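Visitor: Provided herewith is a single structure, encoded as structure tokens, for subsequent inquiry.
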Amino acid sequence: MKTTITVNGQARSLDLDTRTSLLDALREHLNLKGSKKGCDHGQCGACTVLVNGVRINSCLSLAVMHDGDEVTTIEGIGGEENLHPMQQAFLEQDAFQCGYCTPGQICSAVGMLKEAAENWPSQASEDLTGAIALTDAEIRERMSGNICRCSAYPQIIAAIRDVAGEVA
Amino acid sequence: MSSVKDWAAPNPVTENRSGIIGKGVERYEGKLKVTGTAAYAYEVEPPSAPAYGYLLAATIAKGRITAIDISAAEASPGVKLVWTHLNVPKQARRGERINPRSQRPANPALAGDRVEFFGQPVAFVAADTWENARAAANLIRVSYAAEPAVLDFRASLDLAEMPDGEEDVLIGDFEGAYARAPAQIDETYFSPLQNHVQMEPCATTAWWEGDKVTVHTSIQMVKGGQHALAETLAIPSEKVHLLTRYIGGGFGGKGQAYDDLTLAALGARALGQPVKLTYTRQQMFQATIHRPAVSMRVRLGAEPDGRLNAFAVEAVTHCARSASFVEHAANFSRNLYAAPNRLTGHRLVKMDIPHAGPMRAPGEASGMLSLECAMDELAEKLGIDPIELRLRNEPDVDPETGKPFSIRQLTECLNTGAQRFGWSRRNPKPGQVRDGRWLVGMGMAAAIRGNFLLPAKAGVRIDGTGVITLRQGMTDIGTGTYTILAQITAETMGVTMDEVKVELGDSEFPPAPGSGGQFGAATAGSAAFEANMNLRRALAELAIGDPNSPLYGGDPTYVTFGNGNIAIENRSESLATLVSRAAPDGVYVEGAISPAADARDYSQHTYGGHFAEVGVDTVTGEVRMRRMFGVFAAGRILNAKTAKSQVTGGMIWGVGTALTEGNVVDNRYGSFINQDMAGYLVPSHADIVDLDAIFLEEADDKANPMGIKGVGELGICGAGAAVANAIYNACGVRLRDFPMTPDKVLEGLMAKGL
Ligand code: FES
Ligand code: FES
């Protein structure tokens, strides 16, 4: 099925099997292997990408559903020569070990900060309609869809905290 | 064989003139990982478009395949081949070896009609796309004749037997001393079967060039994987080029090759096309190894002052029927506490479930849960602080062998941790601290894990631009190997990290044993150090023998390296100048490390202390971590950042062990009930609050030339027990059945009328 997805700012036209997940379209058809497959069932977050600015598990979404969408993957967040501040913070805080969950964590963190800035509430929020104070508890709750089996959690929170700044 | 005496003299790493050793430099391969450009096994670009493989797994625990119909699968769109035990290409028989010095025997895939565990691969499909391969695999119809199987460990404890070639270690008169002890503890603790859940599933990309196969696979041991595949295909080892540059977590579960390696290689040969094959997450649970469950009886007999007089730690565990793996869950206790009368040993139940095998700190991780909780119980019984109880049982020499410790800072770990954590604020009486509906408590545990050095080699080359490249058939499974090898190289050669390259994970590089048993850093690092020392010698000779060098004719014993230069006092030139002039093709040398014979004269371990604070929800029985702190002593630390990440990661595994992690066998089918990450709960962000760790200053000159030790497994040892003890201190519920899920805690709370 013909599908056009704008990936990292570039329109990409593909002829896809309707069973192909967005994750497999990225990895196997567009050679964007930064998005990882950890479970293929929406349980680990390694495949997190931003679709129209919002983070999703790309393994849980069929690629053909994204005709006309804008997708940002880790490759679009920043490259070796132009690291995104979140990537830089992950490096500095040693917020990863094996690195397999890392692209998902970073995409998720970038998406999460935007959600919080727009005052989307979470389970950890005191007030469902007011401004969100991005406490560590908020960050942890909002990042909990991204598993890190190496368990770099304290370092990941520190990295996100570096980028988000201290709570006012 | 070397001697520990050879390691006593100062060397560039122990002198650490430029300060690179120990520094928390960023990961060598970090930029690749944060940008998603590090290529893991399934992501490597093959020379031409690959076919996609898919495995079909058995749905019985034990029995025989009576019929297998592949016609629909073969007719399915895009399918290139369908293999079962009836038509898979010929492989060597299981256990066969043809190559001298092979580390692993043949391990054929789809080898027969026997099914030995649920999840065992029984068919393989290759197709033009992954979707087509998966669809076709699901069209295969398999009929089985199932046979009675042993599936329930707890119900099979009476089948336990002494493992082959083992015996109990009995010192003194345990039974008599225990019977006479004024204070006794006799409890049995249960730790469940656990899964590694590495984030990257096992995967292989394979292709052939002539009679040589290239495989990129996710494995912790380069040589082991290469040899296993060569034996299985019955070809010389040199005909297998195995690469494993980035590995998405191993934790022991990728210490061996699985059928993805064999079938990708065979498939690529049959199709004349590269093949990619990965396990699904479900197959990772069912068809790779796991940490076996352990039932551990602990008996402690103590004097009123807490001194242990009698001490027994007896483990019952399990492994696959055809295997002999023993989870040595009692071993750690042989070196931990003093007691004159001692009994330790293991029993094994053979079961018809997937293979048990090593998982992060095999032995200690499950074993320490028992003794470190039992010590807490004894402390309470005697009214002694749990730290004090441990200090009173601190041995002067190894309590089993009588050998001196190379260095032992357990006391310092516990005392420092107590102070930093605020242990004095703990109320020894359980159930006293309330915070709304939460009961809050603190617990602690000791940590011990052995330290090892294995034989290894490394190669190092300097080119005419002064760039130094270290090569080793070693792996980095997230442990930081790339980074520490770069640090060792930079410090030894007196250059900056920017002038060093590290290349790992290639069977054509000088071999190292790989990542496992927390021996990686010490083993690979020491070989790298020796290679660099040899490079120093080679360059010194080169300069001294070169009339155009300012060092010409000098005395090699006075040659120094630093700031990118080679020098004798004030005569110096840059390494780049020397090599480009005197050896324009570069200089390559190798180095090797082997264990010192007399290292065995010392009892050598890494140590730590864990401190945990939890809240127990009196309404739901839920346990939440509030704080956790660890203090560790593990030799000289090469990289403050990556070493700390290793131990905090291990501590978090301990939290998972205490609170959520465990798998259960479905006694009808022999499958694991939890077969994905929604059912098997590893810790997530929200579970981990305020967790930190420090290392004590240490250098162990009996360990290796650099005085370093492993840290990858130490963090998990005892960690779960500290959490369990905190739960008890919070609410007075003593659970001996891990993990301590809300249902168990709630039952305990209700029994206490809370
Ligand atoms: S791969 Fe998508 S959530 Fe795990
Ligand atoms: S870094 Fe390995 S899973 Fe997160």
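The values are calculated or read from the model by the stated rules, or taken from the named source; none is laboratory data. A quick note: this is a predicted structure, and the numbers were derived from the prediction, not measured. Cβ sites come from the backbone with ideal geometry, for glycine too, and all protein chains shown count toward neighbours. Heavy atoms of the whole protein, side chains included, go into the accessibility calculation; ligands, DNA and RNA do not. Shrake-Rupley method; radii C 1.70, N 1.55, O 1.52, S 1.80 Å.
Visitor: Those residues that are in a loop (DSSP other than H, G, I, E, B), more than 16 Å from ligand 1 (Cβ to nearest atom) and within 25 Å of B:Ile716 (Cβ to Cβ), I need them from region A:142-168; list them, please. Step through it out loud before you land on a result.
Guide: Taking region A:142-168 first, the residues in a loop (DSSP other than H, G, I, E, B) are A:144-152, A:165-168.
This time we only want the ones that are more than 16 Å from ligand 1 (Cβ to nearest atom), so: A:151-152, A:165-168.
Those that are in a loop (DSSP other than H, G, I, E, B), more than 16 Å from ligand 1 (Cβ to nearest atom) and within 25 Å of B:Ile716 (Cβ to Cβ): A:Ser151, A:Ala152.
Visitor: Give me the residue from region B:202-222 that is within 14 Å of chain A (Cβ to nearest Cβ) and among the hydroxyl-bearing types (Ser, Thr, Tyr) and, out of that set, farthest from B:Val294 (Cα to Cα).
Guide: Of the residues in region B:202-222, the ones within 14 Å of chain A (Cβ to nearest Cβ) are B:202-203, B:205, B:216, B:218-220.
Restricting the remaining residues to those that are among the hydroxyl-bearing types (Ser, Thr, Tyr) gives B:205, B:218.
Numbers: B:Thr205: 36, B:Ser218: 28 Å.
The selected residue is B:Thr205.
Visitor: Output the residues belonging to region A:135-163 that are more than 11 Å from chain B (Cβ to nearest Cβ) and either over 19 Å from A:Leu50 (Cβ atoms) or modelled with pLDDT under 95 (or both). Can you show your working first?
Guide: Step one: list which residues in region A:135-163 are more than 11 Å from chain B (Cβ to nearest Cβ), which gives A:135, A:161-163.
Residues satisfying the conditions are A:Thr135, A:Arg161, A:Asp162.
Visitor: Between residues in region B:609-632 that are at positive phi and residues that are at pLDDT 95 or above and of a type in the set (Ser, Thr, Tyr), which pairs lie under 9 Å by C-beta distance while being six or more apart or on different chains?
Guide: Note: pairs meeting the criteria are B:Gly621/B:Thr741.
Visitor: Being more than 30 Å from B:Glu26 (Cβ to Cβ), within 16 Å of ligand 1 (Cβ to nearest atom) and not β-branched (Val, Ile, Thr): is that true of A:Arg19 here?
Guide: Numbers: more than 30 Å from B:Glu26 (Cβ to Cβ): yes; within 16 Å of ligand 1 (Cβ to nearest atom): yes; not β-branched (Val, Ile, Thr): yes.
For A:Arg19, the condition - more than 30 Å from B:Glu26 (Cβ to Cβ), within 16 Å of ligand 1 (Cβ to nearest atom) and not β-branched (Val, Ile, Thr) - is met.
Visitor: Take region A:91-124 and flag every residue that is more than 16 Å from ligand 1 (Cβ to nearest atom) and in a helix (DSSP H, G or I).
Guide: Result: A:Leu91, A:Glu92, A:Gln93, A:Val110, A:Leu113, A:Lys114, A:Glu115, A:Ala116, A:Ala117.
Visitor: Return yes or no: is B:Gly345 in contact (Cβ under 8 Å) with a residue 12 or more places away in the chain, surrounded by 24 or more Cβ atoms within 10 Å (Cβ to Cβ) and not in a loop (DSSP other than H, G, I, E, B)? Quick ask: steps written out before the conclusion?
Guide: On the way: in contact (Cβ under 8 Å) with a residue 12 or more places away in the chain: yes; surrounded by 24 or more Cβ atoms within 10 Å (Cβ to Cβ): no; not in a loop (DSSP other than H, G, I, E, B): yes.
No: the conditions fail for B:Gly345.
Visitor: Identify the single condition in (1) farther than 26 Å from A:Ser13 by Cα; (2) without any contact (Cβ under 8 Å) to a residue 60 or more places away in the chain; (3) at the interface with chain B (Cβ under 9 Å from one of its Cβ atoms) that A:Gly79 does not satisfy, given that it satisfies every other one.
Guide: Of (1) farther than 26 Å from A:Ser13 by Cα; (2) without any contact (Cβ under 8 Å) to a residue 60 or more places away in the chain; (3) at the interface with chain B (Cβ under 9 Å from one of its Cβ atoms), only one is false for A:Gly79: (1).
Visitor: Further question on the same structure: Select from region B:20-49 the residues that are more than 16 Å from ligand 2 (Cβ to nearest atom) and open to solvent by less than 30 Å² (accessible area, probe 1.4 Å) and write down the one among them that is nearest to the other protein chains (Cβ to nearest Cβ). Step through it out loud before you land on a result.
Guide: Within region B:20-49, the subset more than 16 Å from ligand 2 (Cβ to nearest atom) is B:20-25, B:44-49.
Filter once more, so that each one left must be open to solvent by less than 30 Å² (accessible area, probe 1.4 Å): B:20-22, B:24-25, B:44, B:46.
Details: B:Ile20: 16, B:Ile21: 17, B:Gly22: 14, B:Gly24: 7, B:Val25: 10, B:Val44: 9, B:Pro46: 12 Å.
Top of the filtered list is B:Gly24.
Visitor: What about B:Asn107, is it part of a loop (DSSP other than H, G, I, E, B), away from ligand 2 (no atom under 16 Å from the Cβ) and either without any contact (Cβ under 8 Å) to a residue 60 or more places away in the chain or more than 18 Å from B:Asp259 (Cα to Cα) (or both)?
Guide: Details: part of a loop (DSSP other than H, G, I, E, B): yes; away from ligand 2 (no atom under 16 Å from the Cβ): yes; either without any contact (Cβ under 8 Å) to a residue 60 or more places away in the chain or more than 18 Å from B:Asp259 (Cα to Cα) (or both): no.
No, not satisfied.
Visitor: Among the residues of region B:673-690 satisfying the criterion of being facing chain A (nearest Cβ under 7 Å) and β-branched (Val, Ile, Thr), which is nearest to the chain's Cα centre (by Cα)? Lay out the reasoning, then the answer.
Guide: First, the residues of region B:673-690 that are facing chain A (nearest Cβ under 7 Å): B:676-678, B:682-686, B:688.
Going one step further and asking which of them are β-branched (Val, Ile, Thr), we end up with B:682, B:688.
On the way: B:Val682: 17, B:Ile688: 21 Å.
Among them, the one singled out is B:Val682.
Visitor: Something else: Pick from region B:261-285 the residues that are under 27 Å from B:Ala361 (Cα atoms) and within 14 Å of chain A (Cβ to nearest Cβ): which of them is surrounded by the fewest Cβ atoms within 10 Å (Cβ to Cβ)? Break it down into steps so the answer makes sense when it comes.
Guide: Taking region B:261-285 and keeping what is under 27 Å from B:Ala361 (Cα atoms), we get B:261, B:278-285.
Now restrict to residues that are within 14 Å of chain A (Cβ to nearest Cβ): B:278-285.
Numbers: B:Thr278: 25, B:Tyr279: 23, B:Thr280: 20, B:Arg281: 23, B:Gln282: 18, B:Gln283: 22, B:Met284: 25, B:Phe285: 25.
So, considering only residues that are under 27 Å from B:Ala361 (Cα atoms) and within 14 Å of chain A (Cβ to nearest Cβ), the one surrounded by the fewest Cβ atoms within 10 Å (Cβ to Cβ) is B:Gln282.
Visitor: Being among the β-branched types (Val, Ile, Thr) and over 20 Å from the mean Cα position of the chain (by Cα) is true for just one of B:Val655, B:Val647, B:Val665. Which residue is that? Working first, answer last.
Guide: On the way: B:Val655 fails: over 20 Å from the mean Cα position of the chain (by Cα); B:Val647 fails: over 20 Å from the mean Cα position of the chain (by Cα).
From the options B:Val655, B:Val647, B:Val665, the qualifying one is B:Val665.
Visitor: How many residues does region B:156-201 hold that are away from ligand 2 (no atom under 16 Å from the Cβ) and within 14 Å of chain A (Cβ to nearest Cβ)? I'd like the intermediate steps shown before the answer.
Guide: Residues of region B:156-201 that are away from ligand 2 (no atom under 16 Å from the Cβ), as a first pass: B:156-194.
If we keep only those that are within 14 Å of chain A (Cβ to nearest Cβ) as well, we get B:194.
Total meeting the criteria: 1.
Visitor: Restricting to region A:33-58, give me the number of residues that are over 16 Å from A:Ala109 (Cβ atoms) and either within 16 Å of ligand 2 (Cβ to nearest atom) or within 8 Å of chain B (Cβ to nearest Cβ) (or both).
Guide: Residues flagged as over 16 Å from A:Ala109 (Cβ atoms) and either within 16 Å of ligand 2 (Cβ to nearest atom) or within 8 Å of chain B (Cβ to nearest Cβ) (or both) within region A:33-58 amount to 7.
Visitor: Would you call A:Gln93 open to solvent by 40 Å² or more (accessible area, probe 1.4 Å), within 13 Å of ligand 2 (Cβ to nearest atom) and out of contact with any Phe, Trp or Tyr (no Cβ under 8 Å at 6 or more places or on another chain)?
Guide: Details: open to solvent by 40 Å² or more (accessible area, probe 1.4 Å): yes; within 13 Å of ligand 2 (Cβ to nearest atom): yes; out of contact with any Phe, Trp or Tyr (no Cβ under 8 Å at 6 or more places or on another chain): yes.
Criteria met by A:Gln93.
Visitor: Here's something else I'd like to know. If only one of A:His66, A:His84 is within 11 Å of chain B (Cβ to nearest Cβ) and not hydroxyl-bearing (Ser, Thr, Tyr), which one is it?
Guide: Values: A:His66 fails: within 11 Å of chain B (Cβ to nearest Cβ).
Matching residue, one of A:His66, A:His84: A:His84.
Visitor: To continue, here is another question. Please return the ranges of strands (runs of 3 or more DSSP E) entirely within region B:112-207 where 1 or more residues are surrounded by 20 or more Cβ atoms within 10 Å (Cβ to Cβ).
Guide: Working: elements: B:121-127, B:141-146, B:169-171, B:183-191.
Output list reads B:121-127, B:183-191.
Visitor: Based on this model, can you work out whether A:Val110 counts as more than 28 Å from B:Gly650 (Cβ to Cβ), in contact (Cβ under 8 Å) with a residue 24 or more places away in the chain and within 14 Å of another protein chain (Cβ to nearest Cβ)? Can you show your working first?
Guide: On the way: more than 28 Å from B:Gly650 (Cβ to Cβ): yes; in contact (Cβ under 8 Å) with a residue 24 or more places away in the chain: yes; within 14 Å of another protein chain (Cβ to nearest Cβ): yes.
Yes.
Visitor: So is A:Ile139 open to solvent by less than 20 Å² (accessible area, probe 1.4 Å), assigned to a helix (DSSP H, G or I), in contact with a Cys (Cβ under 7 Å, 6 or more places away or on another chain) and not assigned by TED's automatic domain parsing to the domain that holds A:Asn52 or not? Steps first, please.
Guide: Numbers: open to solvent by less than 20 Å² (accessible area, probe 1.4 Å): yes; assigned to a helix (DSSP H, G or I): yes; in contact with a Cys (Cβ under 7 Å, 6 or more places away or on another chain): no; not assigned by TED's automatic domain parsing to the domain that holds A:Asn52: yes.
Taking the combined requirement at face value, the residue does not satisfy it.
Visitor: Also, quick follow-up: Restricting to strands (runs of 3 or more DSSP E) lying wholly in region A:1-90: which have 1 or more residues that are under 15 Å from the mean Cα position of the chain (by Cα) and crowded, with 20+ Cβ neighbours inside 10 Å? Before you say what the answer is, go through the steps one by one.
Guide: Values: elements: A:2-7, A:10-15, A:48-51, A:54-57, A:70-72.
By residue number, A:2-7, A:48-51, A:54-57, A:70-72.
Visitor: Continuing with this model, one more query. Looking at region B:348-371, can you tell me whether even one residue there is more than 24 Å from B:Pro192 (Cβ to Cβ), open to solvent by less than 40 Å² (accessible area, probe 1.4 Å) and modelled with pLDDT of 95 or more? Steps first, answer last, please.
Guide: Residues of region B:348-371 more than 24 Å from B:Pro192 (Cβ to Cβ): none.
No, region B:348-371 has no match at all.
Visitor: Look through B:Val655, B:Val631 and report the one residue that is open to solvent by less than 10 Å² (accessible area, probe 1.4 Å), in a strand (DSSP E or B) and closer than 18 Å to B:Glu613 by Cβ. Outline the logic, then answer.
Guide: Details: B:Val655 fails: in a strand (DSSP E or B).
Result: B:Val631 is the single residue among B:Val655, B:Val631 that is open to solvent by less than 10 Å² (accessible area, probe 1.4 Å), in a strand (DSSP E or B) and closer than 18 Å to B:Glu613 by Cβ.
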